[in-house]
Amino acid sequence: MDQRDVAGHYEEIASEYDEHWVYGPNYIPWMSACITEALSISSADRIADIGSGTGLFAREVSRIVHPEQPILCVDPSEAMLRQIDRQSLPGLTPILASAEDIADARTTLPYDELDAVWLKESVHHVADPGATLRGLTQRLAPAGRLLVVMLPATIQYPLFRAALERFEELQPDPAGIAGHMERAGLEARLFHVEHELRLDRDKYISMVRARYMSLLSTFSDSEIEKGIDEMRAAHPEPLLLFPDRFAFVLGVKHGEKR
């Protein structure tokens, strides 16, 4: 998907985004705790969630850490960031910008340097991951941490076959992201976390129809409906159980903490 398509996709789903991403009561707290632990986030850190969307994970990290300074929620979609303003979420500061804008210093941030930065399932939207991660590295403070959370090269979601095949065609390799971090001067580590999802089949089908994954916006309405028919045939069970496995690529900058 090109950037124009990505922007249009998120503008369309912004008002319903939280509904489609809250798989269940435990998912957001689980993922946010994983991010907090991986980045060793403390209340004194200057933090940024790049590709934050509506701030789903940033608000939970804020609840866990109680940061002394607001978490920067960076996203190129004004409609997504508007959800943060509407909810008047404390501890979050919306920043209208892309990852490339931050990496190239085209956008001025409230903090001169950042101590903890994460990108959750947004690196595949970046045109040049190597250059962008190198630029983000330059914005880190000494001992700053950069975390890319992404799906692995293959997934076990109960999607229709064409969607799974297209995912494999488009998804970056986590090992390649780790390589970009190392070339940017970070000490990189790749590991995986996994969470079992239990979803009502009809709810999941409604999420697919709403194109909860940006990947699904590459299919026409008729292709989506055909895919849903395929899913119904393959999964007659009312409750879907499947693993949600993520690659965590963590980069740490050399230097002493402030």
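Let me have the 222 nm mean residue ellipticity of the chain computed from DSSP H runs of 4+ only, each contributing -39500 (n - 2.57), with the sum over all residues rounded to the nearest 500.
After summing the helix terms and dividing by the residues of the chain, the value is -12000 deg cm²/dmol.
When Rg is the radius of gyration of the Cα atoms in segment 219-258 and Rh is its Kirkwood radius, what does Rg/Rh come to?
1.41
Using DSSP to call loops (not H, G, I, E or B), can you name the GluC sites (Glu not before Pro) in segment 158-258 whose Cβ has at most 10 other Cβ atoms within 10 angstrom?
Passing sites in segment 158-258 are Glu256.
With a sphere of radius 14 Å drawn around the Cβ of Ala97, what net charge do the other residues whose Cβ falls strictly inside it have (Lys, Arg +1; Asp, Glu -1)?
-4
Roughly what angle does helix 27-39 make with the longest principal axis of the chain, taking Cα atoms, 0 to 90 degrees, to the nearest 10?
Between helix and principal axis, roughly 30 degrees.
Give the Debye-formula value of log10 I(q)/I(0) at each listed q (0.10, 0.20, 0.24, 0.25 Å⁻¹), with one equal scatterer per alpha carbon of segment 27-128, two decimals each.
For segment 27-128, the Cα-only Debye profile gives -0.23, -1.00, -1.44, -1.54.
As I understand it, the value is the acute angle between the Cα axis of helix 78-87 and the longest principal axis of the Cα atoms of the chain; what does it come to in degrees, rounded to 10?
Between the helix axis and the principal axis of the chain, the angle is about 80 degrees.
List the residues whose amide H sits under 5 Å from the amide H of Arg46, counting only those 5 or more places along or on another chain, with H placed 1.01 Å from N in the peptide plane.
Residues meeting the criterion, in which the H sits 1.01 Å from N, are Asp115, Ala116.
Which lysines have a Cα lying under 24 Å from the Cα of Lys253, excluding residues fewer than 8 positions away in the same chain?
By straight Cα distance, Lys253 reaches Lys120.
Restricted to Cα positions, what overall size does segment 135-258 have along the principal axes? Three whole-Å values, descending.
Projected onto its principal axes, the Cα set of segment 135-258 covers 55, 27, 20 Å.
Put a dot 7 Å past each Cα toward the Cβ at His192 and Leu96; how far apart are the dots in nm?
It works out to 4.0 nm between the two label points.
How far is helix 221-234 tilted, in degrees, relative to the longest principal axis of the Cα atoms in the chain, given as a value from 0 to 90 rounded to the nearest 10?
70
Give me the percent relative contact order of the chain, please, defined on Cα pairs under 8 angstrom at least 6 residues apart.
With pairs under 8 Å counted, the relative contact order is 21 percent.
Give me the distance between the Cα centres of segment 201-258 and segment 162-198, rounded to whole Å.
Answer, in whole Å: 15.
Taking amide hydrogens as modeled 1.01 Å from N in the peptide plane, which residues meet the under 5 Å criterion relative to Ile95, leaving out close sequence neighbours?
Cys73, Val74, Asp75
Read-outs: derived from the displayed coordinates by stated rules, not from any lab. None of the values given here were measured: they were computed from a predicted structure. Please note: Cβ atoms are built from the backbone with ideal geometry, for glycine as well, and neighbour counts cover all protein chains shown.
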